[in-house]
1. Among Asp73, Asp51, Asp35, which one shows the highest mean-square fluctuation when the chain is modelled as a Gaussian network with alpha-carbon springs under 10 Å?
2. What distance in nm lies between label points placed 7 Å from Cα along the C-beta direction at Glu14 and Met1?
3. Based on other C-beta atoms within 10 Å, arrange Leu23, Leu5 from fewest to most.
4. Under the rule of -39500 (n - 2.57) per DSSP H run of 4 or more residues, summed and divided by the residues of the chain, what mean residue ellipticity at 222 nm is obtained, to the nearest 500 deg cm²/dmol?
5. Among Ser75, Ser34, which comes first, second and so on when ranked by fewest other beta-carbon atoms within 10 Å?
Amino acid sequence: MLDELRTVLLDAAEDDWVYFAELESMILEITGSSDDLLRRAGEAAVQFVRDGTIIPGTLTETHGFTPWPTTPDESADRIHHEVTTMIRHGQDPLPGQICWFDIPDQTPE
């Protein structure tokens, strides 16, 4: 499932920034199962951030996408913490909550 999710996520991120809750929709579409969507989305996001597939950040009208000023490991830990807290409180993320994702800059240096 992770390879297919990575492909779908990267395709979506080519066109626009992706918010965290979209991962849940992608997983549902891929697997057909709504079981543990938040947990599975969190685990996938943590892995994709750690391996550099995606970059988490915030999105504002003034500045657009702004990457978090943290290392991939710190960012992954933050996502894990926020997802765990939401699960503990029985909450589902709304659009824009937890984080937004972008793909790493592909411009040659």
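1. Asp35
2. Inter-label distance under the simple model: 2.5 nm.
3. Leu5, Leu23
4. -17000 deg cm²/dmol
5. Neighbour counts put them in this order, fewest first: Ser34, Ser75.
Read the figures in this text as sums done on the coordinates, not as results from a lab. Bear in mind the structure is a predicted one, so any value in this text is a computation, not a measurement. Counting neighbours? That spans all protein chains shown, and the Cβs are built from the backbone with ideal geometry, glycine included.
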